[in-house]
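One structure is given here, and the rest of the page talks about it.
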Amino acid sequence: MQHHAMEATACPLASHPAAPVRPAAPAELTEALLRQFDTPGPRYTSYPTADRFGSAFGPDDASAALDALAAADPAMAQPVSVYVHIPFCEQLCYYCACNKIITKHHERAAEYLDHLEIELGLVGARIGHGRPVSQLHFGGGSPTFLLDEELTRVMAALRGVFTLQPDAEVSIEVDPRTVTAERLAHFRTLGFNRLSFGVQDFDADVQQAVHRVQSLDMVRSLMAPARELGYVSINADLIYGLPRQTPESFARTIAQMVELRPDRLAMYAYAHLPTRFKPQRRIHDADLPPPPDRIAMLGGALAALQTSGYDYIGMDHFALPDDALAEAKREGRLHRNFQGYSTQSDRDLVALGVSSIGQVAGRFYQNDKTLPGYYEALQAGRLPVVRGYATTADDRLRREVIMAVMCQGRVDCKAVEARHGIRFAETFATELAELQAMAGAGLVRLTAEGLEVTPAGWYLVRAIAMVFDRHLRTSQDRARFSKVL
Ligand code: SF4
């Protein structure tokens with residue numbers, strides 16, 4: 001999935017701040033800090049966040065952005081990232097908040113791929129053929145809904161327009177229920193070198209409650225061959241706050257996951273928003289763990305993962321110390337894009353497929369979220385873009401500061417001043433005043449050189465970044481986030 005930046009996770013800590021944090025939580029993450037500062041907000045996989053995109057931005061603007069990319073770099077020296085969205089899933093997970101289509105009719109994939117190829121042709125006509133790609137990601141939905149030959153077809157079509165760099169990160173989200181070791185071997189022959197397993201929880205009761213049944217053995221039987229096949233980084237996703245989860249059951253899931261030893265782990269808070277996401281209406285409120293239990297799950301998992309050798313990267317993400325993501329964090333080379341944390345510097349992102357979001361030449365664009373709309377545009381020979389956003393100088397300045405907070409945990413005021421021609425203390429006078437409370441609480445250090453996130457601050461890094469978000473500075477926006485609770 002692309003983590004659309006507006007998805008506000010319903011943070012259990014913020015929603016019920018008075019609840020106690022059980023002792024297993026890391027020492028620096030105190031109840032008082034959480035009570036005061038942990039508020040729900042954007043995940044900052046982009047800035048501005050996707051809710052800012054407007055329908056005044058359409059196919060012609062997206063075409064102009066692609067033309068600008070081509071004109072700025074005619075020698076094609078700069079590699080781009082590519083995201084491919086495959087929307088289909090065979091079964092509905094009740095917690096789902098993604099853009100997907102549930103179907104058992106696999107023949108629908110062929111029609112989709114026909115249109116994906118048309119889109120690829122339109123993009124290639126704008127940016128030229130042969131542009132290098134350093135990062136290619138297949139998300140969904142479930143990309144592994146595609147049959148082996150269909151994935152082969154998509155990769156051939158992509159290679160017809162782009163040149164995958166030899167060291168490109170080529171990743172795919174894997175639904176363990178749809179793959180075998182043989183399929184993983186096939187993916188390797190296509191060039192995939194990273195996998196992301198959707199796990200969420202190993203407890204049988206929880207799996208039934210969310211309608212996603214996949215045993216520990218099933219996942220284990222894929223992880224071992226994945227390693228032997230030479231996948232360089234294996235990620236697994238977990239969710240806490242799901243129905244019928246308890247601190248004890250989730251601790252078991254964490255222990256089982258630690259035993260499987262994926263290189264990276266993402267652990268998200270479940271946001272129960274049944275009015276917004278229809279599948280979630282099948283989850284009974286009474287089955288949801290109460291806030292103190294959610295807090296215990298988070299605290300216990302943070303402590304268990306770190307004592308088991310995982311480094312905390314920030315914002316729900318963990319990695320083994322020898323994984324490239326952990327190395328990048330230590331060396332201050334971390335970046336953030338629509339897939340979350342990344343080792344790659346900021347690249348233009350070409351998005352393909354229904355609902356995908358791209359970012360090209362300072363502009364964001366999003367494709368139609370419906371298949372009929374997506375198909376119709378492509379059949380008419382136009383890009384299926386329905387909304388977007390052209391960034392301003394202020395957006396670019398704030399984006400740099402927000403990403404520096406989220407990724408490096410540090411903002412160098414002088415460098416920002418030099419790059420943007422501003423006086424930091426003047427431009428961000430309101431923000432710096434607001435940060436005083438966080439500085440007093442030990443989340444940030446404010447120095448003559450700039451701002452530094454403390455170890456405690458890393459657990460609340462989103463709240464620190466939110467201070468610099470100009471678009472959030474209206475009471476109306478804040479109220480909307482609060483409603484998530
Ligand atoms: S696999 Fe489940 S959670 Fe993922 S997109 Fe499909 S229905 Fe949603």
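The values are calculated or read from the model by the stated rules, or taken from the named source; none is laboratory data. Only a predicted model underlies this, so the values are computations on that prediction, with no experimental measurement involved. We place every Cβ from the backbone using ideal geometry, glycine too, and count neighbours over all the protein chains shown. Calculation scope for accessible area: heavy atoms of the full protein, side chains included, ligands and nucleic acids excluded. Shrake-Rupley method; radii C 1.70, N 1.55, O 1.52, S 1.80 Å.
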Worksheet item: Among the candidates Q344, Q366, which residue alone is under 16 Å from the mean Cα position of the chain (by Cα), at pLDDT 95 or above and open to solvent by less than 30 Å² (accessible area, probe 1.4 Å)?
Response: Q366
Discussion item. I'd like the full set of residues that are surrounded by fewer than 21 Cβ atoms within 10 Å (Cβ to Cβ) and outside any helix (DSSP H, G or I), limited to segment 247-265.
Written reply: R261
Item to complete: Could you grab me the full set of residues in segment 374-384 that are of a type outside the set (F, W, Y), open to solvent by 10 Å² or more (accessible area, probe 1.4 Å) and either under 17 Å from G54 (Cα atoms) or in contact with a helix residue (DSSP H, G or I) (Cβ under 8 Å, 6 or more places away or on another chain) (or both)?
Response: Q379, G381, R382, L383
Practice prompt. Can you give me the number of residues within segment 312-329 that are in a strand (DSSP E or B) and either crowded, with 20+ Cβ neighbours inside 10 Å or modelled with pLDDT of 95 or more (or both)?
Written response: 5
Practice prompt. Collect the residues in segment 153-166 that are of a type outside the set (A, V, I, L, M, F, W, C) and without any contact (Cβ under 8 Å) to a residue 12 or more places away in the chain, keeping them in residue-number order.
Written response: R159, P166
Practice prompt. Pick out the one residue from V219, V232 that is open to solvent by less than 10 Å² (accessible area, probe 1.4 Å) and not acidic (D, E).
Written response: V219
Response to the item:
If you go through T152, T103, the only one that is more than 16 Å from the ligand (Cβ to nearest atom) and hydroxyl-bearing (S, T, Y) is T152
Worksheet item: C93 fails exactly one of the following numbered conditions: (1) in a loop (DSSP other than H, G, I, E, B); (2) without any contact (Cβ under 8 Å) to a residue 40 or more places away in the chain; (3) crowded, with 19+ Cβ neighbours inside 10 Å. What is the number of that condition?
Response: (2)
Worksheet entry | Complete set of residues in segment 81-90 that are assigned to a strand (DSSP E or B) and within 16 Å of the ligand (Cβ to nearest atom) | Y83, V84, H85, I86, F88, C89
Worksheet item: Which of the residues belonging to segment 405-439 are open to solvent by less than 20 Å² (accessible area, probe 1.4 Å) and under 18 Å from S345 (Cβ atoms)?
Response: V405, M406, C407, G409, V411, V416
Item to complete: Take T447 and decide whether it is more than 28 Å from the chain's Cα centre (by Cα) and either modelled with pLDDT under 95 or exposed (fewer than 14 other Cβ atoms within 10 Å of the Cβ) (or both).
Response: yes
Worksheet item: So which strands (runs of 3 or more DSSP E) stay within segment 99-210 end to end and still have 2 or more residues that are at negative phi, open to solvent by 30 Å² or more (accessible area, probe 1.4 Å) and among the acidic types (D, E)?
Response: 162-174
Worksheet item: Any residue in segment 71-80 that is in contact with a Gly (Cβ under 8 Å, 6 or more places away or on another chain) and outside any loop (DSSP other than H, G, I, E, B)?
Response: no
Practice prompt. Being closer than 24 Å to E173 by Cα and in contact (Cβ under 8 Å) with a residue 40 or more places away in the chain is the filter; apply it to segment 277-297 and report the residue that is most open to solvent (accessible area, probe 1.4 Å).
Written response: F277
Response to the item:
How many residues of segment 416-443 are under 20 Å from R396 (Cβ atoms) and out of contact with any Leu (no Cβ under 6 Å at 6 or more places or on another chain)? The answer is 16
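May I ask you to list the residues in segment 266-276 that are in contact with a strand residue (DSSP E or B) (Cβ under 7 Å, 6 or more places away or on another chain) and open to solvent by 20 Å² or more (accessible area, probe 1.4 Å)?
Residue satisfying the conditions is Y268 alone.
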Worksheet, complete the sentence: Checked segment 171-194 for anything of a type outside the set (S, T, N, Q), away from the ligand (no atom under 15 Å from the Cβ) and in contact (Cβ under 8 Å) with a residue 24 or more places away in the chain; matches are A181, R183, L184, A185, H186, F187, R188, L190, G191, F192, R194
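So that you can scan it fast, the table gives a plain yes or no per residue for (1) open to solvent by 10 Å² or more (accessible area, probe 1.4 Å); (2) at pLDDT 95 or above; (3) of a type in the set (D, E):
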{"position": "P59", "(1), (2), (3)": "yes, yes, no"}
{"position": "A62", "(1), (2), (3)": "no, yes, no"}
{"position": "A65", "(1), (2), (3)": "no, yes, no"}
{"position": "A68", "(1), (2), (3)": "yes, yes, no"}
{"position": "Q78", "(1), (2), (3)": "yes, no, no"}
{"position": "C89", "(1), (2), (3)": "yes, yes, no"}
